[in-house]
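Let me give you the structure first, and then I'll get to my questions.
The values are calculated or read from the model by the stated rules, or taken from the named source; none is laboratory data. As the structure is a prediction and not an experimental result, all values here were calculated from the model. All Cβ positions, even for glycine, are placed from backbone atoms using ideal geometry, and neighbour counts span all protein chains on display.
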Amino acid sequence: MRLLGTNRSPYVRKVRVFAAEAGLSDQIELDIRKVHMANFTPDVSAINPLGRVPTLFTDDGRVLMDSLTIGVFLAGQAGRKDMWPSQQEALLRVMNTHALGTGLIDIMILLLVEKGKPQERIWPEVMTAATAKITAVLDYLDADVAALESEGCTLGTLSVAVALDYLDFRFKDIDWRISRSKLGRWHEKFIARPALRDHPFVDETPALAGKIR
Ligand SMILES: N[C@@H](CCC(=O)N[C@@H](CS)C(=O)NCC(=O)O)C(=O)O
């Protein structure tokens, strides 16, 4: 299988981590494609009209778009119902946790996009609201760490762990652990999993660090 993406994208990292957790990493080759929401990238758009990564080419010729779609496919391939349950209640729980993790990533991307703009085009209200939303999500997760613990290793909890790692990768100035020791302890334990440890963020374009990605 061929995965279009980068080693710096949090959505692509979700897929790399999902694949590792499902024991499928050795079946996936990363095909580096740099994209940017302010660019039209014809080579990626010819495959995925959204022009986004991650996009997965499966061995049977399917093109799968979006990190969750790919994660559900990988969990299914590996027969890992613990990662993506079929039972409705358990599935809703995992989907909610996934929504928190990937939603947190979406807000961070929005913030980076604003930060990357020329000063006169930055929308300060968006920066303020996005920062407040990041705080709210972190507080919510910290208040209910028991839910993360009881869920185990799913597409949901893996997404939350990747989102927290992205916070450390791109927002080093946010000391999120200071008043959230329970979440900090959960994250520290969870990121020791080989799937997360062996697939870190790498910035292929360090000169752009802190800018839009
Ligand atoms: N919901 C998508 C988001 C993917 C996404 O936005 N990826 C970024 C890279 S970090 C991208 O492709 N940006 C280019 C664009 O939006 O045009 C997912 O979970 O895969």
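So the check is Cβ under 6 Å with 6+ separation or different chains; which pairs have a first residue in segment 1-13 that's at pLDDT 95 or above and a second one that's outside any loop (DSSP other than H, G, I, E, B) and polar (S, T, N, Q)?
Met1/Gln27; Leu4/Thr55; Tyr11/Ser67
What are the residue pairs meeting all of these: first residue in segment 54-80, first residue free of Cβ contacts under 8 Å to residues at least 40 places away in the same chain and within 12 Å of the ligand (Cβ to nearest atom), second residue in a loop (DSSP other than H, G, I, E, B) and of a type in the set (Ser, Thr, Tyr), Cβ atoms under 8 Å, and 6 or more apart or on different chains?
Leu64/Thr58
Given the residues Ile122, Ile134, Ile174, which is the only one that is assigned by TED's automatic domain parsing to the domain that holds Lys189, modelled with pLDDT under 95 and in contact with a helix residue (DSSP H, G or I) (Cβ under 7 Å, 6 or more places away or on another chain)?
Exactly one of Ile122, Ile134, Ile174 is assigned by TED's automatic domain parsing to the domain that holds Lys189, modelled with pLDDT under 95 and in contact with a helix residue (DSSP H, G or I) (Cβ under 7 Å, 6 or more places away or on another chain), namely Ile174.
Hey, can you tell me all the residues within segment 81-94 that are part of a helix (DSSP H, G or I) and either in contact with a helix residue (DSSP H, G or I) (Cβ under 7 Å, 6 or more places away or on another chain) or of a type in the set (Phe, Trp, Tyr) (or both)?
If the condition is that a residue be part of a helix (DSSP H, G or I) and either in contact with a helix residue (DSSP H, G or I) (Cβ under 7 Å, 6 or more places away or on another chain) or of a type in the set (Phe, Trp, Tyr) (or both), then Arg93, Val94 are the ones that fit.
Restricted to segment 14-45, and to residues that are part of a loop (DSSP other than H, G, I, E, B) and in contact with a strand residue (DSSP E or B) (Cβ under 7 Å, 6 or more places away or on another chain), which residue is modelled with the lowest pLDDT?
Per the criteria, the residue is Arg33.
Pull up segment 46-80, narrow it to residues that are exposed (fewer than 14 other Cβ atoms within 10 Å of the Cβ) and assigned to a loop (DSSP other than H, G, I, E, B), then point me to the one that is nearest to the chain's Cα centre (by Cα).
Applying the filter and picking the extreme gives Leu50.
Among (1) outside the structural domain of Leu158 (by TED's automatic domain parsing); (2) in contact (Cβ under 8 Å) with a residue 12 or more places away in the chain, where does Lys115 come up short?
(1)
Further, regarding this structure: When the residues of segment 119-164 are narrowed to those that are acidic (Asp, Glu) and farther than 30 Å from Ala19 by Cα, which ends up surrounded by the fewest Cβ atoms within 10 Å (Cβ to Cβ)?
Out of the qualifying residues, it is Glu120.
Restricted to segment 81-109, and to residues that are within 11 Å of the ligand (Cβ to nearest atom) and not aliphatic (A, V, I, L, M), which residue is surrounded by the most Cβ atoms within 10 Å (Cβ to Cβ)?
Only one residue fits best here, namely Gly101.
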